[in-house]
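The values are calculated or read from the model by the stated rules, or taken from the named source; none is laboratory data. The model shown is predicted, which means the values in this text are computed figures rather than measured ones. Every residue, glycine among them, receives a Cβ derived from its backbone with ideal geometry; neighbour counts consider all protein chains shown. We work out accessible area using only protein heavy atoms, side chains counted, and drop any ligands, DNA or RNA first. Shrake-Rupley method; radii C 1.70, N 1.55, O 1.52, S 1.80 Å.
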Amino acid sequence: MEPMSSSTVEPVDLLDLKLLPAWVKEPVKAKNYAHYTGEEKRRRPRNQRDHEFKRSMLNINKADSHERKKVGRDPPPRDRFGAAKRASRQKDGGKDRHERGRHHENRPKVSQSITPLDITIHFLPYSPAFESVVAQIKSGLVAYSLFALARLFLEKSLRYEVRLTAKAESPLYQLGENGAVSLDREFLERNAFRFAHEDFYKIDITQSDPVKGNFSNVARCRLSGTVLGPTNHHNYQPRLRSLYEQRFNHRMSFADYQRQIEIVNHPALIERWKEEARRVMTYTTLREETPLTFASATEAERHFRSNYLPGLLRSVEEVAVDGVLSRRLPDRALNRAVEDAWVRETHSPSNMMQELAGRFRQAGLNVFRHRRGMLFVSPIRVRPFVHDQAGVSPSVNAILEALAAKPGISRKELFEKVITNPANEEAESRKLALASDVRWLINEGYVIEFNDGSLDLPRGKAKPQETAAAVVSTAETAEQALTGASACTAPAGGKASEELVGSESPPS
(Lines give C-alpha, C1' and ligand atoms only; values in the text may rest on other atoms or scores of the structure.)
Protein backbone atom coordinates (compact mmCIF):
# COMPACT_ATOMS: atom_id res chain seq x y z
CA MET A 1 0.00 0.00 0.00
CA GLU A 2 1.66 3.23 -1.16
CA PRO A 3 0.89 6.29 0.97
CA MET A 4 -0.40 9.58 -0.30
CA SER A 5 2.88 11.44 -0.67
CA SER A 6 3.93 15.04 -1.03
CA SER A 7 7.21 13.87 -2.73
CA THR A 8 9.39 15.86 -0.30
CA VAL A 9 12.01 14.30 1.99
CA GLU A 10 13.02 15.99 5.23
CA PRO A 11 16.68 15.31 6.09
CA VAL A 12 17.05 14.13 9.68
CA ASP A 13 20.23 15.09 11.52
CA LEU A 14 21.00 13.39 14.84
CA LEU A 15 23.40 16.18 15.80
CA ASP A 16 20.59 17.87 17.75
CA LEU A 17 20.28 14.81 19.98
CA LYS A 18 24.02 14.78 20.62
CA LEU A 19 23.87 18.30 22.04
CA LEU A 20 21.39 17.37 24.78
CA PRO A 21 21.59 14.63 27.42
CA ALA A 22 19.37 11.61 26.93
CA TRP A 23 17.50 12.12 30.20
CA VAL A 24 16.27 15.53 29.02
CA LYS A 25 14.25 13.80 26.31
CA GLU A 26 12.79 11.15 28.61
CA PRO A 27 9.16 11.30 29.83
CA VAL A 28 8.50 13.49 32.83
CA LYS A 29 7.51 11.63 35.95
CA ALA A 30 3.92 12.03 37.08
CA LYS A 31 3.36 14.28 40.08
CA ASN A 32 2.65 12.52 43.34
CA TYR A 33 -0.23 13.89 45.39
CA ALA A 34 -0.11 11.24 48.11
CA HIS A 35 0.77 13.83 50.78
CA TYR A 36 -1.97 16.20 49.71
CA THR A 37 -4.21 16.39 52.80
CA GLY A 38 -6.95 18.83 52.01
CA GLU A 39 -8.20 21.70 49.96
CA GLU A 40 -6.16 24.85 50.18
CA LYS A 41 -7.74 28.03 51.37
CA ARG A 42 -8.73 30.36 48.61
CA ARG A 43 -7.58 33.92 48.62
CA ARG A 44 -10.19 36.39 49.68
CA PRO A 45 -11.16 38.80 46.90
CA ARG A 46 -10.09 42.38 47.35
CA ASN A 47 -13.63 43.67 47.26
CA GLN A 48 -15.02 41.15 49.77
CA ARG A 49 -15.33 43.78 52.48
CA ASP A 50 -17.18 46.04 50.07
CA HIS A 51 -19.66 43.24 49.31
CA GLU A 52 -20.16 42.60 53.02
CA PHE A 53 -20.70 46.32 53.66
CA LYS A 54 -23.27 46.58 50.83
CA ARG A 55 -25.08 43.50 52.09
CA SER A 56 -25.27 44.90 55.63
CA MET A 57 -26.61 48.22 54.32
CA LEU A 58 -29.22 46.34 52.27
CA ASN A 59 -30.37 44.46 55.38
CA ILE A 60 -30.65 47.74 57.29
CA ASN A 61 -32.80 49.28 54.56
CA LYS A 62 -35.08 46.23 54.52
CA ALA A 63 -35.49 46.37 58.29
CA ASP A 64 -36.24 50.10 58.11
CA SER A 65 -38.92 49.59 55.45
CA HIS A 66 -40.43 46.77 57.54
CA GLU A 67 -40.71 49.12 60.54
CA ARG A 68 -42.39 51.78 58.39
CA LYS A 69 -44.99 49.24 57.28
CA LYS A 70 -45.78 48.47 60.91
CA VAL A 71 -46.63 52.11 61.77
CA GLY A 72 -49.06 52.37 58.83
CA ARG A 73 -47.06 54.15 56.19
CA ASP A 74 -47.62 53.36 52.55
CA PRO A 75 -44.95 51.25 50.92
CA PRO A 76 -42.81 52.89 48.25
CA PRO A 77 -43.81 52.41 44.57
CA ARG A 78 -41.10 49.79 44.12
CA ASP A 79 -42.63 47.60 46.81
CA ARG A 80 -46.07 48.10 45.31
CA PHE A 81 -44.87 46.80 41.94
CA GLY A 82 -43.19 43.89 43.70
CA ALA A 83 -46.43 43.03 45.48
CA ALA A 84 -48.30 43.11 42.15
CA LYS A 85 -45.75 40.74 40.60
CA ARG A 86 -46.04 38.39 43.54
CA ALA A 87 -49.83 38.43 43.27
CA SER A 88 -49.74 37.60 39.55
CA ARG A 89 -47.22 34.87 40.27
CA GLN A 90 -49.55 33.34 42.86
CA LYS A 91 -52.36 33.47 40.34
CA ASP A 92 -50.20 31.44 37.88
CA GLY A 93 -49.58 28.70 40.39
CA GLY A 94 -47.61 30.30 43.16
CA LYS A 95 -44.14 29.58 41.84
CA ASP A 96 -41.59 32.05 43.13
CA ARG A 97 -38.03 32.65 42.06
CA HIS A 98 -36.56 29.88 44.21
CA GLU A 99 -39.00 27.31 42.85
CA ARG A 100 -38.22 28.32 39.30
CA GLY A 101 -34.52 27.98 40.07
CA ARG A 102 -35.02 24.49 41.46
CA HIS A 103 -37.04 23.55 38.37
CA HIS A 104 -34.24 24.88 36.16
CA GLU A 105 -31.65 22.80 38.02
CA ASN A 106 -33.70 19.64 37.48
CA ARG A 107 -33.70 20.07 33.71
CA PRO A 108 -31.58 17.50 31.87
CA LYS A 109 -28.29 18.94 30.64
CA VAL A 110 -27.60 18.65 26.93
CA SER A 111 -24.28 16.96 26.22
CA GLN A 112 -22.04 18.95 23.89
CA SER A 113 -19.25 16.41 23.63
CA ILE A 114 -18.12 15.40 20.17
CA THR A 115 -18.57 11.74 19.31
CA PRO A 116 -15.14 10.19 18.61
CA LEU A 117 -14.59 8.73 15.18
CA ASP A 118 -14.58 4.94 14.87
CA ILE A 119 -11.13 4.76 13.27
CA THR A 120 -7.63 3.85 14.46
CA ILE A 121 -4.79 6.30 13.81
CA HIS A 122 -1.14 5.22 13.86
CA PHE A 123 1.94 7.34 13.19
CA LEU A 124 4.76 5.59 11.31
CA PRO A 125 8.29 6.79 10.44
CA TYR A 126 8.63 7.96 6.86
CA SER A 127 10.89 5.47 5.08
CA PRO A 128 13.48 7.89 3.57
CA ALA A 129 13.84 9.70 6.89
CA PHE A 130 14.14 6.40 8.77
CA GLU A 131 16.87 5.14 6.42
CA SER A 132 18.79 8.37 7.01
CA VAL A 133 18.62 7.86 10.79
CA VAL A 134 19.75 4.21 10.50
CA ALA A 135 22.75 5.22 8.38
CA GLN A 136 23.80 7.85 10.93
CA ILE A 137 23.48 5.44 13.87
CA LYS A 138 25.53 2.75 12.09
CA SER A 139 28.28 5.23 11.27
CA GLY A 140 29.14 5.72 14.95
CA LEU A 141 29.31 3.95 18.30
CA VAL A 142 26.75 6.04 20.16
CA ALA A 143 23.52 4.80 21.79
CA TYR A 144 20.41 6.95 21.31
CA SER A 145 17.27 7.18 23.40
CA LEU A 146 14.30 5.61 21.62
CA PHE A 147 11.99 8.15 23.24
CA ALA A 148 14.08 11.01 21.84
CA LEU A 149 14.11 9.46 18.37
CA ALA A 150 10.33 9.02 18.42
CA ARG A 151 9.94 12.69 19.34
CA LEU A 152 12.36 13.57 16.54
CA PHE A 153 10.22 11.82 13.93
CA LEU A 154 6.99 13.35 15.25
CA GLU A 155 8.47 16.84 15.41
CA LYS A 156 7.95 17.55 11.68
CA SER A 157 5.24 16.24 9.39
CA LEU A 158 7.81 15.51 6.65
CA ARG A 159 9.28 12.73 8.80
CA TYR A 160 6.23 10.56 9.40
CA GLU A 161 3.15 9.15 7.72
CA VAL A 162 -0.28 8.37 9.14
CA ARG A 163 -2.08 5.06 8.78
CA LEU A 164 -5.89 5.27 9.08
CA THR A 165 -7.76 2.04 9.79
CA ALA A 166 -11.56 1.82 9.75
CA LYS A 167 -14.05 -0.97 10.33
CA ALA A 168 -15.80 -2.87 7.55
CA GLU A 169 -19.23 -1.52 8.53
CA SER A 170 -18.04 2.11 8.41
CA PRO A 171 -15.20 2.30 5.84
CA LEU A 172 -13.24 5.23 4.55
CA TYR A 173 -13.75 6.63 1.05
CA GLN A 174 -10.94 7.66 -1.28
CA LEU A 175 -10.60 9.12 -4.76
CA GLY A 176 -8.38 6.76 -6.72
CA GLU A 177 -5.21 5.24 -5.28
CA ASN A 178 -3.67 8.38 -3.78
CA GLY A 179 -6.55 10.87 -3.77
CA ALA A 180 -8.46 12.65 -1.05
CA VAL A 181 -9.83 10.63 1.90
CA SER A 182 -13.08 11.22 3.78
CA LEU A 183 -15.54 9.50 6.08
CA ASP A 184 -18.49 11.02 4.19
CA ARG A 185 -19.16 9.59 0.75
CA GLU A 186 -21.52 12.40 -0.24
CA PHE A 187 -18.96 15.04 0.71
CA LEU A 188 -16.33 13.34 -1.44
CA GLU A 189 -18.70 13.01 -4.40
CA ARG A 190 -19.74 16.63 -4.12
CA ASN A 191 -16.16 17.96 -4.10
CA ALA A 192 -14.51 15.31 -6.28
CA PHE A 193 -13.88 17.65 -9.21
CA ARG A 194 -12.20 20.24 -6.99
CA PHE A 195 -9.92 17.60 -5.43
CA ALA A 196 -8.96 15.65 -8.58
CA HIS A 197 -9.38 17.92 -11.60
CA GLU A 198 -5.61 18.51 -11.96
CA ASP A 199 -5.08 14.79 -12.63
CA PHE A 200 -7.56 14.72 -15.51
CA TYR A 201 -7.50 18.19 -17.08
CA LYS A 202 -4.92 20.68 -18.21
CA ILE A 203 -5.83 24.25 -17.28
CA ASP A 204 -4.90 27.10 -19.62
CA ILE A 205 -5.38 30.73 -18.56
CA THR A 206 -5.65 33.49 -21.16
CA GLN A 207 -6.55 37.17 -21.07
CA SER A 208 -9.72 38.33 -22.80
CA ASP A 209 -10.85 41.84 -23.75
CA PRO A 210 -11.46 44.31 -20.91
CA VAL A 211 -14.88 44.21 -19.29
CA LYS A 212 -17.18 46.80 -20.83
CA GLY A 213 -19.69 48.81 -18.88
CA ASN A 214 -19.75 51.11 -15.86
CA PHE A 215 -20.06 49.32 -12.51
CA SER A 216 -20.51 51.30 -9.31
CA ASN A 217 -20.32 48.39 -6.83
CA VAL A 218 -19.39 44.73 -6.49
CA ALA A 219 -20.41 41.91 -4.17
CA ARG A 220 -17.87 40.46 -1.75
CA CYS A 221 -17.94 37.43 0.56
CA ARG A 222 -17.37 38.50 4.17
CA LEU A 223 -16.08 35.06 5.21
CA SER A 224 -13.36 34.61 2.59
CA GLY A 225 -12.87 38.12 1.17
CA THR A 226 -13.52 36.88 -2.38
CA VAL A 227 -14.79 39.52 -4.79
CA LEU A 228 -17.68 38.00 -6.78
CA GLY A 229 -18.49 40.93 -9.05
CA PRO A 230 -21.63 43.00 -9.67
CA THR A 231 -24.89 41.24 -8.87
CA ASN A 232 -26.25 42.02 -12.37
CA HIS A 233 -23.27 40.44 -14.14
CA HIS A 234 -23.90 37.15 -15.97
CA ASN A 235 -21.05 35.35 -14.11
CA TYR A 236 -22.14 36.40 -10.59
CA GLN A 237 -24.56 33.55 -9.79
CA PRO A 238 -22.24 30.74 -11.05
CA ARG A 239 -19.33 32.13 -9.02
CA LEU A 240 -21.50 32.52 -5.91
CA ARG A 241 -22.78 28.96 -6.15
CA SER A 242 -19.31 27.56 -6.88
CA LEU A 243 -17.72 29.31 -3.90
CA TYR A 244 -20.47 28.11 -1.62
CA GLU A 245 -20.16 24.48 -2.79
CA GLN A 246 -16.39 24.48 -2.43
CA ARG A 247 -15.97 26.06 0.99
CA PHE A 248 -19.16 26.65 2.96
CA ASN A 249 -21.76 24.02 2.07
CA HIS A 250 -20.94 21.89 5.12
CA ARG A 251 -21.22 24.85 7.51
CA MET A 252 -24.45 26.61 6.53
CA SER A 253 -27.32 26.61 4.10
CA PHE A 254 -27.18 28.57 0.84
CA ALA A 255 -29.73 31.07 2.16
CA ASP A 256 -27.59 31.72 5.25
CA TYR A 257 -24.52 32.07 3.08
CA GLN A 258 -26.22 34.67 0.91
CA ARG A 259 -26.65 36.81 4.03
CA GLN A 260 -22.84 36.93 4.33
CA ILE A 261 -22.52 38.72 0.97
CA GLU A 262 -21.93 42.46 1.19
CA ILE A 263 -22.10 45.15 -1.48
CA VAL A 264 -19.09 47.48 -1.59
CA ASN A 265 -18.38 50.45 -3.86
CA HIS A 266 -14.65 50.79 -3.36
CA PRO A 267 -12.94 51.68 -6.69
CA ALA A 268 -9.92 49.44 -6.01
CA LEU A 269 -12.13 46.39 -5.51
CA ILE A 270 -14.04 47.16 -8.69
CA GLU A 271 -10.78 47.35 -10.69
CA ARG A 272 -9.59 44.14 -9.06
CA TRP A 273 -12.73 42.34 -10.17
CA LYS A 274 -12.33 43.66 -13.71
CA GLU A 275 -8.82 42.23 -13.92
CA GLU A 276 -9.96 38.87 -12.59
CA ALA A 277 -12.92 38.79 -15.00
CA ARG A 278 -10.52 39.06 -17.94
CA ARG A 279 -8.98 35.72 -17.06
CA VAL A 280 -10.41 32.94 -19.19
CA MET A 281 -9.74 29.39 -18.00
CA THR A 282 -10.08 26.46 -20.40
CA TYR A 283 -9.97 22.79 -19.40
CA THR A 284 -8.41 20.22 -21.75
CA THR A 285 -8.65 16.49 -21.07
CA LEU A 286 -5.43 14.54 -20.48
CA ARG A 287 -6.68 10.95 -20.74
CA GLU A 288 -8.60 11.06 -23.99
CA GLU A 289 -7.20 9.96 -27.33
CA THR A 290 -8.75 13.04 -28.86
CA PRO A 291 -8.43 15.84 -26.28
CA LEU A 292 -11.57 17.74 -25.47
CA THR A 293 -11.56 21.40 -24.45
CA PHE A 294 -14.17 23.04 -22.21
CA ALA A 295 -14.61 26.78 -21.91
CA SER A 296 -15.79 26.77 -18.28
CA ALA A 297 -15.34 24.82 -15.07
CA THR A 298 -19.02 23.89 -15.10
CA GLU A 299 -18.73 22.09 -18.42
CA ALA A 300 -15.51 20.35 -17.33
CA GLU A 301 -17.10 19.19 -14.06
CA ARG A 302 -20.11 17.81 -15.94
CA HIS A 303 -17.73 15.80 -18.16
CA PHE A 304 -15.75 14.64 -15.11
CA ARG A 305 -18.82 13.34 -13.28
CA SER A 306 -20.11 11.40 -16.25
CA ASN A 307 -16.80 9.86 -17.38
CA TYR A 308 -14.34 9.60 -14.47
CA LEU A 309 -16.13 9.80 -11.13
CA PRO A 310 -18.01 6.44 -11.24
CA GLY A 311 -14.77 4.45 -11.38
CA LEU A 312 -12.75 6.80 -9.21
CA LEU A 313 -14.57 6.68 -5.88
CA ARG A 314 -13.81 3.60 -3.78
CA SER A 315 -14.22 2.40 -0.19
CA VAL A 316 -11.15 1.28 1.80
CA GLU A 317 -10.59 -0.03 5.32
CA GLU A 318 -6.97 1.10 5.58
CA VAL A 319 -5.04 3.93 3.96
CA ALA A 320 -1.64 5.55 4.53
CA VAL A 321 -1.45 9.33 4.25
CA ASP A 322 1.68 11.43 3.99
CA GLY A 323 2.39 13.49 7.11
CA VAL A 324 2.12 16.82 5.30
CA LEU A 325 -1.17 15.90 3.64
CA SER A 326 -2.54 14.55 6.93
CA ARG A 327 -2.44 18.07 8.38
CA ARG A 328 -4.70 19.48 5.66
CA LEU A 329 -7.26 16.76 4.98
CA PRO A 330 -10.44 18.13 3.34
CA ASP A 331 -12.67 16.25 5.81
CA ARG A 332 -12.72 18.51 8.87
CA ALA A 333 -13.76 15.77 11.29
CA LEU A 334 -10.99 13.48 10.08
CA ASN A 335 -8.47 16.31 10.14
CA ARG A 336 -9.36 17.14 13.75
CA ALA A 337 -9.06 13.47 14.76
CA VAL A 338 -5.55 13.28 13.26
CA GLU A 339 -4.48 16.46 15.06
CA ASP A 340 -5.78 15.20 18.41
CA ALA A 341 -4.03 11.85 17.90
CA TRP A 342 -0.78 13.66 17.05
CA VAL A 343 -0.96 15.67 20.28
CA ARG A 344 -1.46 12.50 22.33
CA GLU A 345 1.31 10.65 20.50
CA THR A 346 3.76 13.53 20.94
CA HIS A 347 3.07 13.59 24.67
CA SER A 348 3.53 9.82 25.01
CA PRO A 349 5.02 8.29 21.83
CA SER A 350 4.63 4.65 22.85
CA ASN A 351 3.27 3.52 19.48
CA MET A 352 6.01 5.28 17.54
CA MET A 353 8.65 3.81 19.89
CA GLN A 354 7.28 0.31 19.33
CA GLU A 355 7.31 0.79 15.57
CA LEU A 356 10.86 2.17 15.64
CA ALA A 357 12.11 -0.68 17.83
CA GLY A 358 10.83 -3.29 15.38
CA ARG A 359 12.28 -1.52 12.35
CA PHE A 360 15.64 -0.92 14.05
CA ARG A 361 15.95 -4.63 14.81
CA GLN A 362 15.15 -5.47 11.19
CA ALA A 363 17.85 -3.02 10.10
CA GLY A 364 20.48 -4.86 12.20
CA LEU A 365 20.60 -2.44 15.14
CA ASN A 366 20.37 -3.45 18.80
CA VAL A 367 17.59 -2.21 21.07
CA PHE A 368 18.19 -2.64 24.82
CA ARG A 369 16.91 -1.44 28.17
CA HIS A 370 19.05 0.50 30.57
CA ARG A 371 18.50 2.25 33.86
CA ARG A 372 14.86 2.85 34.87
CA GLY A 373 13.85 0.52 32.03
CA MET A 374 14.38 3.14 29.32
CA LEU A 375 14.91 1.91 25.75
CA PHE A 376 18.01 2.76 23.70
CA VAL A 377 19.25 1.79 20.25
CA SER A 378 22.90 1.19 19.40
CA PRO A 379 24.91 -0.32 16.52
CA ILE A 380 26.71 -2.51 19.12
CA ARG A 381 25.27 -5.39 21.13
CA VAL A 382 25.85 -4.39 24.74
CA ARG A 383 26.76 -7.03 27.31
CA PRO A 384 28.11 -7.00 30.87
CA PHE A 385 31.80 -7.63 31.47
CA VAL A 386 31.95 -11.22 32.79
CA HIS A 387 35.69 -11.95 32.36
CA ASP A 388 37.94 -12.40 35.31
CA GLN A 389 39.17 -8.92 36.07
CA ALA A 390 42.45 -10.31 37.37
CA GLY A 391 43.32 -11.40 33.85
CA VAL A 392 42.94 -7.99 32.20
CA SER A 393 45.14 -4.93 32.27
CA PRO A 394 45.08 -2.58 35.28
CA SER A 395 43.86 0.21 33.01
CA VAL A 396 40.72 -1.73 32.03
CA ASN A 397 40.12 -2.63 35.68
CA ALA A 398 40.43 1.03 36.64
CA ILE A 399 37.94 2.06 33.95
CA LEU A 400 35.38 -0.54 35.03
CA GLU A 401 35.75 0.36 38.70
CA ALA A 402 35.39 4.09 37.98
CA LEU A 403 32.22 3.56 35.93
CA ALA A 404 30.76 1.23 38.55
CA ALA A 405 31.44 3.81 41.28
CA LYS A 406 30.04 6.77 39.33
CA PRO A 407 27.79 5.88 36.35
CA GLY A 408 27.18 8.47 33.66
CA ILE A 409 30.50 10.31 33.83
CA SER A 410 32.12 11.84 30.78
CA ARG A 411 35.45 10.88 29.20
CA LYS A 412 37.13 13.91 30.75
CA GLU A 413 35.93 13.02 34.24
CA LEU A 414 36.99 9.41 33.68
CA PHE A 415 40.53 10.43 32.68
CA GLU A 416 40.79 12.76 35.68
CA LYS A 417 39.67 9.98 37.99
CA VAL A 418 41.93 7.26 36.57
CA ILE A 419 45.04 9.36 35.91
CA THR A 420 45.76 10.77 39.35
CA ASN A 421 49.00 12.55 38.44
CA PRO A 422 48.45 14.51 35.19
CA ALA A 423 51.76 16.42 35.61
CA ASN A 424 53.79 13.26 35.19
CA GLU A 425 55.85 12.84 32.03
CA GLU A 426 54.08 9.59 31.19
CA ALA A 427 50.61 11.15 31.57
CA GLU A 428 50.20 11.79 27.85
CA SER A 429 51.01 8.23 26.88
CA ARG A 430 48.73 6.97 29.66
CA LYS A 431 45.90 9.11 28.26
CA LEU A 432 46.36 7.61 24.81
CA ALA A 433 46.40 4.10 26.25
CA LEU A 434 43.33 4.87 28.34
CA ALA A 435 41.48 6.24 25.29
CA SER A 436 42.38 3.09 23.37
CA ASP A 437 41.05 0.91 26.21
CA VAL A 438 37.81 2.92 26.40
CA ARG A 439 37.28 2.55 22.67
CA TRP A 440 37.90 -1.20 22.89
CA LEU A 441 35.39 -1.56 25.70
CA ILE A 442 32.80 0.42 23.73
CA ASN A 443 33.39 -1.62 20.55
CA GLU A 444 32.95 -4.86 22.49
CA GLY A 445 29.78 -3.60 24.18
CA TYR A 446 31.20 -3.68 27.71
CA VAL A 447 30.79 0.12 28.05
CA ILE A 448 27.96 2.23 26.62
CA GLU A 449 28.57 5.72 25.26
CA PHE A 450 25.32 7.69 25.03
CA ASN A 451 24.43 10.52 22.68
CA ASP A 452 25.21 13.15 25.36
CA GLY A 453 28.78 11.87 25.82
CA SER A 454 28.18 10.06 29.11
CA LEU A 455 29.59 6.58 29.80
CA ASP A 456 28.00 3.74 31.72
CA LEU A 457 28.14 -0.02 32.20
CA PRO A 458 25.42 -2.28 30.74
CA ARG A 459 22.70 -3.46 33.05
CA GLY A 460 23.51 -7.01 34.20
CA LYS A 461 20.97 -9.65 35.18
CA ALA A 462 23.00 -11.14 38.07
CA LYS A 463 26.53 -10.75 39.38
CA PRO A 464 28.86 -13.75 38.69
CA GLN A 465 30.11 -13.84 42.30
CA GLU A 466 26.58 -14.06 43.69
CA THR A 467 25.72 -16.86 41.20
CA ALA A 468 28.84 -18.86 42.12
CA ALA A 469 28.12 -18.50 45.84
CA ALA A 470 24.57 -19.75 45.32
CA VAL A 471 25.83 -22.83 43.42
CA VAL A 472 28.38 -23.68 46.15
CA SER A 473 25.78 -23.31 48.88
CA THR A 474 23.36 -25.61 47.03
CA ALA A 475 26.10 -28.25 46.53
CA GLU A 476 27.05 -28.24 50.21
CA THR A 477 23.43 -28.68 51.27
CA ALA A 478 22.96 -31.60 48.89
CA GLU A 479 26.17 -33.29 50.10
CA GLN A 480 25.06 -33.09 53.71
CA ALA A 481 21.70 -34.61 52.83
CA LEU A 482 23.34 -37.53 51.01
CA THR A 483 25.83 -38.22 53.82
CA GLY A 484 23.22 -38.30 56.57
CA ALA A 485 20.77 -40.50 54.68
CA SER A 486 20.76 -44.33 54.83
CA ALA A 487 21.49 -46.26 51.65
CA CYS A 488 18.45 -48.53 51.99
CA THR A 489 16.06 -46.06 53.53
CA ALA A 490 16.87 -43.03 51.45
CA PRO A 491 14.04 -40.43 51.40
CA ALA A 492 12.28 -39.40 48.25
CA GLY A 493 14.06 -36.07 48.31
CA GLY A 494 17.43 -37.78 47.84
CA LYS A 495 16.86 -38.29 44.13
CA ALA A 496 15.97 -34.66 43.72
CA SER A 497 19.21 -33.67 45.45
CA GLU A 498 21.22 -35.98 43.20
CA GLU A 499 19.58 -34.57 40.11
CA LEU A 500 20.23 -31.04 41.34
CA VAL A 501 23.91 -31.70 42.04
CA GLY A 502 24.62 -34.23 39.25
CA SER A 503 28.22 -34.43 38.24
CA GLU A 504 28.96 -31.14 40.00
CA SER A 505 28.91 -32.78 43.47
CA PRO A 506 32.37 -32.67 45.12
CA PRO A 507 34.25 -35.98 45.40
CA SER A 508 34.26 -37.76 48.81
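Below are the figures for this structure:
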read-out: In region 123-146, the residues that are open to solvent by less than 10 Å² (accessible area, probe 1.4 Å), among the β-branched types (Val, Ile, Thr) and closer than 11 Å to residue 365 by Cα; value: 137
read-out: Filter pass, residue 314 being more than 13 Å from residue 200 (Cα to Cα) and without any contact (Cβ under 8 Å) to a residue 12 or more places away in the chain; value: no
read-out: Count of region 185-208 residues which are surrounded by fewer than 16 Cβ atoms within 10 Å (Cβ to Cβ) and over 17 Å from residue 307 (Cβ atoms); value: 9
read-out: Residue under evaluation residue 222, criteria (1) over 30 Å from residue 286 (Cβ atoms); (2) open to solvent by 80 Å² or more (accessible area, probe 1.4 Å); (3) out of contact with any Asp or Glu (no Cβ under 8 Å at 6 or more places or on another chain), criterion not met; value: (3)
read-out: Residues located in region 210-219, provided they are polar (S, T, N, Q) and open to solvent by 70 Å² or more (accessible area, probe 1.4 Å); value: 214, 216
read-out: Test: residue in region 164-178 that is in contact with a Gly (Cβ under 8 Å, 6 or more places away or on another chain) and either aliphatic (A, V, I, L, M) or modelled with pLDDT under 95 (or both); value: no
read-out: Subset of region 287-298 [of a type outside the set (Val, Ile, Thr) and exposed (fewer than 11 other Cβ atoms within 10 Å of the Cβ)]; value: 287, 289
read-out: Unmet requirement for residue 383, which otherwise passes all of (1) open to solvent by less than 60 Å² (accessible area, probe 1.4 Å); (2) assigned to a loop (DSSP other than H, G, I, E, B); value: (1)
read-out: Tally of residues being open to solvent by 60 Å² or more (accessible area, probe 1.4 Å) and modelled with pLDDT under 85 across region 246-274; value: 4
read-out: Wholly enclosed helices (runs of 4 or more DSSP H) of region 215-316 bearing at least 3 residues over 23 Å from residue 330 (Cβ atoms); value: 267-277
